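The values are calculated or read from the model by the stated rules, or taken from the named source; none is laboratory data. Since the model is a prediction, treat every value here as computed from it, not as a measurement. Here the Cβ is made from the backbone with ideal geometry for all residues, glycine too, and neighbour counts use every protein chain on show. Keep in mind that these areas ignore ligands, DNA and RNA; they rest on the heavy atoms of the full protein, side chains included. Shrake-Rupley method; radii C 1.70, N 1.55, O 1.52, S 1.80 Å.
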Amino acid sequence: MPRLPSFARLLAALERLPGVGPKSARRLAHYLLAAPGSEAAELLGALAAAREKTIPCSVCHALTEEDPCDVCSDPGRDLRLLAVVEEPADVEVLEKTHEFRGRYHVLGGALAPLRGIGPDELHVEDLLARVAKGEGETKVEEVLLATNPNVEGESTALYLARRLKPLGVKVTRLALGLPVGAALEFADEVTLSRAVSNRREL
């Protein structure tokens, strides 16, 4: 087989993407190299534009092009409800259910001591500050912990519940429908909608 260092570099870059294994990376690489130049250029342009224009919301840390984001600036949101998620992608998934009408707070990950991720590496302190001072003139009454139903997500939820309860808020957790070990991002809308509507208190 001929040496193709640039192709190998492309494969390595694609394999670093979440959910992309060696076989998927090889398929994507071959597709991109065989695609018309205009298609590859469009992909590169879209990626460059998204990286340039997309920023984290200064309030909730979700991805946005306008600060604050659409959800944080929406006057129709129920300011008494706050959902805590791990990643910006989780906000989009929950929004698709049309079940949750509060605001969000993105942690930026989950607690993982073995990988050196503790509370200081996440947006925990500003979550506590948001809950303590309320959303504008409105007191936060319920915090829905919508972290992933895996070991790291569960330990993060328990840690946050211990920190939040002294602030006098109701702390709930996503309930029925989400299998243990699954990522929130891959749940279908019906399952996630049921989990939001049947959330339980911790």
Legend entry - residue 32 accessible area, 1.4 Å probe, all protein chains in place, Å² to nearest 10: 50
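To the nearest 500 deg cm²/dmol, what mean residue ellipticity at 222 nm is calculated for the chain from DSSP H runs of n ≥ 4 alone, each contributing -39,500 (n - 2.57), summed and divided by the residues? Numbers along the way, then the final one.
On the way: 7 runs with 83 residues, N = 202.
For the chain, the value works out to -12500 deg cm²/dmol.
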Inset, instruction - Mind jotting down a quarter of the surface of the convex hull over the alpha carbons of the chain, in square nanometres, one decimal? - result: 14.0
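In whole percent, and with a 1.4 Å probe on the protein chains, what portion of the accessible area of the stretch 48-202 is carbon and sulfur?
Numbers: 4250 of 8130 Å².
Carbon with sulfur: 52 percent of the solvent-accessible area.
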Legend entry - Exposure ranking of 31, 104, 159 by accessible area [1.4 Å probe, largest first]: 31, 159, 104
Legend entry - Cβ-derived FRET efficiency at R0 35 Å, residue 16 paired with residue 128, nearest 0.05: 0.60
Inset, instruction - Multiply the residue gap between residue 201 and residue 32 by 0.36 nm, knock off their C-alpha separation, and tell me the result in nm, one decimal place. - result: 56.1 nm
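Percent antiparallel among DSSP beta bridges with both residues in the stretch 106-202, to the nearest 5?
50
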Inset, instruction - Roll a 1.4 Å probe over the protein heavy atoms and report the accessible area of residue 42 in Å², nearest 10. - result: 130
Inset, instruction - Please list 120, 126 in order of solvent-accessible area, largest first, computed with a 1.4 Å probe with all protein chains present. - result: 120, 126
Inset, instruction - Starting from the Cα-Cα distance between residue 98 and residue 7, subtract it from 0.36 nm times their residue separation and give me the gain in nm to one decimal. - result: 28.5 nm
Inset, instruction - Answer with one residue from 11, 195, 175: the one whose Cα lies farthest towards the positive end of the charge dipole of the chain, charges on Cβ with Lys, Arg +1 and Asp, Glu -1. - result: 11
Legend entry - Residue-normalised accessible area of the chain, given per residue in Å² at a 1.4 Å probe: 59
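Could you order 121, 135 by accessible surface area, starting with the largest, using a probe radius of 1.4 Å?
Accessible-area ranking of 121, 135, largest first: 121, 135.
Over 18 Å, how big is the tail of the calculated P(r) for the stretch 11-90, in percent of all Cα pairs?
Details: 1939 of 3160 pairs.
So the pairs more than 18 Å apart make up 61 percent of the total in the stretch 11-90.
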Inset, instruction - May I ask you to list the lysines whose Cα is less than 19 Å away from that of residue 133, ignoring any residue fewer than eight positions away on the same chain? - result: 165, 170
